[in-house]
1. How much FRET efficiency would the formula 1/(1 + (r/R0)^6) give for TRP221 and SER326, where r is the Cβ-Cβ distance and R0 is 51 Å, rounded to 0.05?
2. Hey, got the Cα dimensions of segment 272-391 along the principal axes, in Å, largest first?
3. Taking the Cα centre of segment 283-399 as origin, sum charge times position over the Cβ atoms of Lys and Arg (+1) and Asp and Glu (-1), and report the length of that vector in debye to the nearest 20.
4. Would you mind getting me the FRET efficiency between ASP434 and LYS481? Use the beta-carbon distance for r and R0 = 22 Å, nearest 0.05.
5. Rounded to the nearest 10 Å², what accessible area does LYS423 have for a 1.4 Å probe in the complete protein model?
6. Can you give the extra length, in nm with one decimal, that the chain gains between GLU260 and THR280 once fully stretched, where that is 0.36 nm per residue apart less the Cα-Cα distance?
7. Just to make sure I understand: if all protein chains stay in place, what is the order of THR399, THR427 by accessible area at 1.4 Å, largest first?
8. Take the cross-link list LYS374/LYS481; LYS277/LYS393; LYS380/LYS481; LYS380/LYS495; LYS234/LYS393 and give me the ones stretching past 26 Å between alpha-carbons.
Amino acid sequence: MENSDSTAATTSDDICCEVFPITSSPSSGPPTHIAFFHRGRVVEGNRGRISGNAGVGECFLDSWEKHLLRHHHAASGSAVDRDGCKSWPPSETVCSFDERVGLVISGVKDWVKMASKVGCWSIPIGNVSGFSFKLGSLGMNALDNSFHPKNLTVADPTISWSTMHPRCIFQLVDLKKSEHIDTEVKISEGESFKVLSYNILSDVYVTEQKYICCPPWALTWEYRWHNLLHEIMKYDADILSSRVDVVYNFGCQVQSDHFEKFFKPELSKCGYSAIYKNKTDALFTGNGYVIDGCATFFRSAQWVEVRTYELEYGGGASSLIDALESRQGPEARIRLSKNNVAVAVILDMVGNSSVGEASQHRVCVANTHIHSSKQLSDVKLYQVAYLISELEKIVGSTTPLLICGDMNSEPKSGPYSLLVNGKVDHTCLKEETDPLGIYQHLKLQHSLGLASAYSALLKPGHGREDQNILFFSQRRMMDQKTGEPLFTNWSRNFKGTLDYIFYTGKHLKVEGLLELPRFESIGTSNISTAISGAALPSPCWSSDHIALMASFKFTNSQ
């Protein structure tokens, strides 16, 4: 478009919906002027300093709020004088964005101003599907310091937000005590609590090449973190554990900057306190070094932090490396010194009247992310063995224990066997997986009495099919041979279970479980006939792992 004559008069009646903001490009930094298209002319300025005529820009900027208010009145059906605006749309075609920034007009070709000042964000809300945004930057003429629009881009039409398939908590009910099954856990105050474990997929590992089944826009961190936060909050857990970036009395894996900027402040608004442990090494990307880790969140109104323990598997391997033959030392140091970590926190339930180490409503929650390489089975077994050894020292025989994590180990593997059986089935240990002979130096037994929360789904006596359709539909999502879900991780190259919530059976009882997502929500009918393109993450689910959650009740055996 041609630049306007700087002496042209501009009035409030002359300002219409043919207006859109021009923002700076990321490389040019924040602009010092504001530019708007107006009926084929450009009005530029910074409130009073406009390319030779202060009155034009000042009049425009001062008039816009009044003009915008008239559109709001029109949308609400208020009687207003529309004669002054020649492009006034019918009121039924006007739908509101955020009231602070502007309007979206359906059915007309005019561009609508969406930001009232330079540098602010405009986040579309409401029914804006199908609308496009026009973005651009201002170029400055070095001779007269005038600004002109350049690099104009019209975005694709706005897409609808993906509908998340609801997942409810269902209760495990003993038929001897009840003929009825609820789909929402009723928590007895002071006795029961919910724990969520979630590997939320750190942004540093997300590339379009790796996750080709997911639309690129659904892989952006700006989309995923809103989707993940919305999902997490719907579960309403008491403790979150996450790998990569965040955890509630839930565990998750979380990138450190995303933990500090997004999850920690947002979850703190909802009453959660946070504990975070970085991995020991950062990963270099094109934009600098990035580090992820494990985070645990807990409701501060329900729990009090007693003590926190940070475990580093690489540092803990020094004694094992020393025990190996000297010629193996250098190779073992490289092989075992991975940057994986764990964090364990002892929590007391608020109002706990007991004192000392045997507090009645005390629990230790451990959150970890075990090394992922398929070629390093010995490293995975070492890390799990080290974790258990350290947790035995922390909890003793009296404190209830929960272990949440992405173990990167399938059911019936060596690490899984050690966790749930208290020892390793030697059929899991193959000589080729132990090139340095470290197995003989590991403590491969314990007496913690751990069980997997979701294995409770296959225990007999919880219901009859005619009484609990949901319960039995969930049983069909379980692997009858392993006793675990058919999948917790679903990618292009792998479908299976890697994530777990383990608990000490003598101290805790599983009361309810979060429904496992159905195959249809991933775009297929079953795990064996998965169609091409069915994988996680997706617009609906923003991680390649699924969230696991269980409701626990303290038993009297403490």
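The values are calculated or read from the model by the stated rules, or taken from the named source; none is laboratory data. These numbers come from a predicted model, not from an experiment. Cβ placement follows ideal geometry from the backbone for every residue including glycine, while neighbour counts extend to all protein chains displayed. Heavy atoms of the whole protein, side chains included, go into the accessibility calculation; ligands, DNA and RNA do not. Shrake-Rupley method; radii C 1.70, N 1.55, O 1.52, S 1.80 Å.
1. Values: r = 46 Å, r/R0 = 0.91.
Efficiency computed from Cβ-Cβ geometry: 0.65.
2. Principal extents (Cα only, largest first): 56, 40, 21 Å.
3. Values: 10 positive and 12 negative charges, 49 e Å.
Charge dipole of segment 283-399: 240 debye, to the nearest 20.
4. Values: r = 26 Å, r/R0 = 1.16.
With a Förster radius of 22 Å, E is 0.30.
5. It works out to around 130 Å².
6. Values: separation 20, 0.36 × 20 = 7.20 nm, distance 1.75 nm.
Full-extension gain reported as 5.5 nm.
7. On the way: THR399 5, THR427 110 Å².
Ranking THR399, THR427 by accessible area, largest first, yields THR427, THR399.
8. On the way: LYS374/LYS481 22 Å; LYS277/LYS393 20 Å; LYS380/LYS481 23 Å; LYS380/LYS495 19 Å; LYS234/LYS393 35 Å.
Exceeds cut-off: LYS234/LYS393.
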